[in-house]
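Please read the structure below before turning to the comments.
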Amino acid sequence: MGYPEPNLSHFRSIEIWDTASRSNQYLEQGWLARAFDAHPVPRTFAADGVIVGSSDLGPMTGGARAVSLSNTEQFLKQARLAGPSGSSRNRALDHILKVEGDITQAAGNLNADYAFKTEFPKGEFGNAVKTASQVIASKAGVAVVRVTLNGFDTHQGQPGTQANLLRQFAEGMVALKDALTELNRWNSTLIMTYAEFGRRPKQNLSNGTDHGTANAHFVLGGGVKGGLYGQPPQLTRLDGNGNLPFAVDFRSVYATALERWWGCRVGGCAGRKIPAAGFHPGLSRHP
């Protein structure tokens, strides 16, 4: 997966992935925020989205009712400090009031008292998966939960580092599947991975790899038809910098999720056309 005219800056490329923009296009709203503007999440939901372990709203930037937290119990305690929502003609103050309102609504509908039988992995990522599962266990709905696993910028010492990261990811996904199954949510949840870019195929002099232009990603869930989609890496077609050509535009994956999972037309949901060709896994539409 990738996109035309790729940018290999961490900050700019993740912005492109978060907004589903073109390389030379700058958008203020994330792709999910635009989708929810056009096809709103029910107001009874605790939030449009919950970000676990990061203050960056990513694809929910610019309009979505989103909150960030690291621990559900701690969030609920701190949320008591937030005042009731209101409005102001001052743009900055109005934003603060909106954030407080989102926090108040989320805190009033989330809880952290579900006793899981599922065993979660130890460590930061395992704790994040557990927190995400607690959010999902709340009776009030949440449309999107984002969990982050950092450390894949493996310019040096890649074999050991990547093996450890992939182990954490695998153990976390097994626990998440078990938790969702326990909650009877596995068939109604779609899990997608994304990152700002992949790695170059050729090893560098530090036993690592440098920023690349294409990457493999995962789509999981009870409604996903398993298998491999897209083309194998074209190792005989590297560009002048030693980078892979991409086979699937990442925005077509977003388009598939919006159309077949969220149940809306891409042009209307995201406020602009996202190419839908090239990625067609079997997805059951979300109720």
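For region 141-188, with all protein chains in place and a probe radius of 1.4 Å, 51% of the accessible heavy-atom surface sits on carbon or sulfur. Proximity of backbone amide H atoms, modeled 1.01 Å from N, is registered between Ser68 and Ile51 at under 5 Å, excluding neighbours fewer than 5 places apart on the same chain. Expressed as a whole percent, the accessible area of region 5-62 that falls on carbon and sulfur atoms is 55 (1.4 Å probe). In this Cβ point-charge picture (+1 for Lys and Arg, -1 for Asp and Glu), region 139-186 has a dipole of about 180 debye about its Cα centre. Evaluating 6.51 cos²θ - 1.76 cosθ + 1.60 at θ = phi - 60° for every residue in region 175-183, the Karplus couplings come out as 5, 5, 4, 4, 5, 5, 5, 4, 8 Hz, glycine and proline recorded as x.
Legend: residues Asp18, Asp56, sorted from most to least accessible area (1.4 Å probe; ligands, DNA and RNA excluded), read Asp56, Asp18. In plain terms, the chain from Phe218 to Asp56 could stretch by 56.1 nm, reckoned as 0.36 nm per residue minus the Cα-Cα distance.
State in Å² the accessible area per residue of region 5-51; use a 1.4 Å probe, count heavy atoms of protein chains only, and round to the nearest integer.
I get 48 Å² per residue for this part.
Taking amide H atoms as placed 1.01 Å from N in the peptide plane, the amide H of Trp261 lies under 5 Å from those of His286, each 5 or more residues away in sequence or on another chain.
Asp239 contributes about 80 Å² of solvent-accessible surface, heavy atoms of the protein only, 1.4 Å probe.
For the pair Arg265 and Arg185, label points projected 7 Å from Cα toward Cβ lie 3.2 nm apart. With all protein chains kept in place, the per residue accessible area of region 123-229 amounts to 53 square angstrom at a probe of 1.4 angstrom.
The values are calculated or read from the model by the stated rules, or taken from the named source; none is laboratory data. Being a predicted model, the structure only gives us computed values, none of them experimental. As a convention, Cβ positions derive from the backbone with ideal geometry for all residues, glycine included, and neighbour counts pool all protein chains shown. Each accessible area value is taken on the protein alone, full model and side chains, heavy atoms only, with ligands, DNA and RNA left out. Shrake-Rupley method; radii C 1.70, N 1.55, O 1.52, S 1.80 Å.
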